[in-house]
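Chemist: This is the structure, below, for whatever I ask next.
The values are calculated or read from the model by the stated rules, or taken from the named source; none is laboratory data. Small disclaimer: the values here were computed from a predicted structure and weren't measured. As a convention, Cβ positions derive from the backbone with ideal geometry for all residues, glycine included, and neighbour counts pool all protein chains shown.
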Amino acid sequence: MLNLDALPSPLWVLGTGTGVGKTFVASRIARAWAASGPVSYRKPFQTGVDRPDHPEADASAVAGPAITAESHVLLRAPLSPLAAALREGRTLDLEATAAWCRRPAGGRVLLEGVGGVMVPLAPSIHFLAWATDLQIPCVLVALGGLGTLNHTLLSAEALMLRGWRIEAVLLNPGADGTVLETAEENATVLQGFLPIPVHVLN
C-alpha cells in the first residue's frame, strides 16, 4: 500500500468525478501527516453548503488534531462551481482563489479539488485549466468498479497532457461497494496503461 506519509507537500487530492471519495482520502492523508507535524487542509471550492462549519462541508470531515481545515469559495447549490455561482449571480475570482491556495503554511499543505478534474469553474475555464498553473502534484482518486477504467484513464491522460505529476492512482472500492477482488483486477489493468503506481484502498 502507498506510504501516505511519504507523499509530497503541497499536494492535490483530485477525483475522476463526484462521489469517488476525495474527502475520505484527504482525511486519511491529513491524519497520516499530522502524526509528524501540523497540516493545513484547503478546499478552494465547496458547493452544497452555506457556511464553513456546515456538517456537509468537506473541511468539517477532515479537521482534527494538528489539522487546520479551511474552505475558500462557498456556494449553496450542490452543482458545479460555475452552475452554482450562476444561480447566485456571482462571478468567482479565480486569481484570488489561486493566491489563497498558494499561501505559506507552518506545516504540510493538502488541497482537495471539487468534482472531477474538468469540472467548470467559470465560463470557458475548467478546474484542470485553472489548477495547472499552480504546479502542484496530485493523487487521483477513482471508484473501484464498473466504469472506473475509462474514467480513470481519461482523467489521468488529461492531467499528464498538461504536465501534471500524478503521485498515485487510488481506487476506492468503498465508495461504490465494489468487492476488493474486482477493484484489484481493475488496478492491475490500469497499471498496464499508466506509468504511475495504482493502489486499492481498504
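Chemist: Any chance you could count how many residues in region 54-68 are surrounded by fewer than 14 Cβ atoms within 10 Å (Cβ to Cβ) and without any contact (Cβ under 8 Å) to a residue 24 or more places away in the chain? So that I can check it myself, show each step before the final result.
Modeler: Step one: of region 54-68, the residues surrounded by fewer than 14 Cβ atoms within 10 Å (Cβ to Cβ) are 55-56, 65.
Applying the additional criterion that residues be without any contact (Cβ under 8 Å) to a residue 24 or more places away in the chain yields 55-56.
Summing the residues that are surrounded by fewer than 14 Cβ atoms within 10 Å (Cβ to Cβ) and without any contact (Cβ under 8 Å) to a residue 24 or more places away in the chain in region 54-68 gives 2.
Chemist: Among the numbered conditions (1) in a helix (DSSP H, G or I); (2) over 19 Å from residue 25 (Cβ atoms); (3) not small (Gly, Ala, Ser), tell me where residue 190 comes up short.
Modeler: Exception for residue 190: condition (2).
Chemist: Within region 112-125, does at least one residue satisfy the condition of being surrounded by fewer than 14 Cβ atoms within 10 Å (Cβ to Cβ) and of a type in the set (S, T, N, Q)?
Modeler: Yes, there is a match, as at least one residue in region 112-125 is surrounded by fewer than 14 Cβ atoms within 10 Å (Cβ to Cβ) and of a type in the set (S, T, N, Q).
Chemist: Please count how many residues of region 104-130 are more than 25 Å from residue 150 (Cα to Cα) and without any contact (Cβ under 8 Å) to a residue 24 or more places away in the chain.
Modeler: Total meeting the criteria: 1.
Chemist: Would you be able to tell me the number of residues in region 140-168 that are part of a loop (DSSP other than H, G, I, E, B), under 14 Å from residue 14 (Cα atoms) and not charged (D, E, K, R)? Give the derivation first.
Modeler: Here is the first cut: in region 140-168, the residues part of a loop (DSSP other than H, G, I, E, B) are 144-147, 162-165.
Those left that are additionally under 14 Å from residue 14 (Cα atoms): 164-165.
From what's left, not charged (D, E, K, R): 164.
The qualifying residues number 1.
Chemist: Considering (1) at pLDDT 95 or above; (2) out of contact with any Gly (no Cβ under 7 Å at 6 or more places or on another chain), say which one residue 80 fails and leave the rest.
Modeler: The one condition residue 80 does not meet is (2).
Chemist: So residue 52 fits all but one of (1) in a loop (DSSP other than H, G, I, E, B); (2) out of contact with any strand residue (DSSP E or B) (no Cβ under 8 Å at 6 or more places or on another chain); what number is the exception?
Modeler: Answer for residue 52: the failing condition is (2).
Chemist: Return a yes/no flag: does region 69-76 have any residue that is closer than 20 Å to residue 119 by Cα, buried (at least 21 other Cβ atoms within 10 Å of the Cβ) and of a type in the set (A, V, I, L, M, F, W, C). Talk me through it step by step, then tell me what you get.
Modeler: At the first step, the residues of region 69-76 found to be closer than 20 Å to residue 119 by Cα are 71-76.
Pick out the ones that are also buried (at least 21 other Cβ atoms within 10 Å of the Cβ) and you get 71, 73, 75.
Keeping just the survivors that are of a type in the set (A, V, I, L, M, F, W, C) gives 73, 75.
Yes, region 69-76 contains a residue that is closer than 20 Å to residue 119 by Cα, buried (at least 21 other Cβ atoms within 10 Å of the Cβ) and of a type in the set (A, V, I, L, M, F, W, C).
Chemist: Take region 123-139 and flag every residue that is over 24 Å from residue 84 (Cα atoms) and not in a loop (DSSP other than H, G, I, E, B). Steps first, please.
Modeler: The first filter runs over region 123-139 and keeps only residues over 24 Å from residue 84 (Cα atoms), leaving 135-139.
Answer for region 123-139, where residues must be over 24 Å from residue 84 (Cα atoms) and not in a loop (DSSP other than H, G, I, E, B): 138, 139.
Chemist: Among (1) surrounded by 15 or more Cβ atoms within 10 Å (Cβ to Cβ); (2) farther than 30 Å from residue 66 by Cα, where does residue 177 come up short?
Modeler: The single condition residue 177 does not satisfy is (1).
Chemist: In the list 13, 20, which residue meets the criterion of being buried (at least 23 other Cβ atoms within 10 Å of the Cβ), in a loop (DSSP other than H, G, I, E, B) and aliphatic (A, V, I, L, M)?
Modeler: Numbers: 13 fails: in a loop (DSSP other than H, G, I, E, B).
Residue meeting the stated conditions: 20.
Chemist: Go through region 78-104 and give me each residue that's buried (at least 16 other Cβ atoms within 10 Å of the Cβ) and either polar (S, T, N, Q) or part of a loop (DSSP other than H, G, I, E, B) (or both).
Modeler: 79, 80, 92, 97
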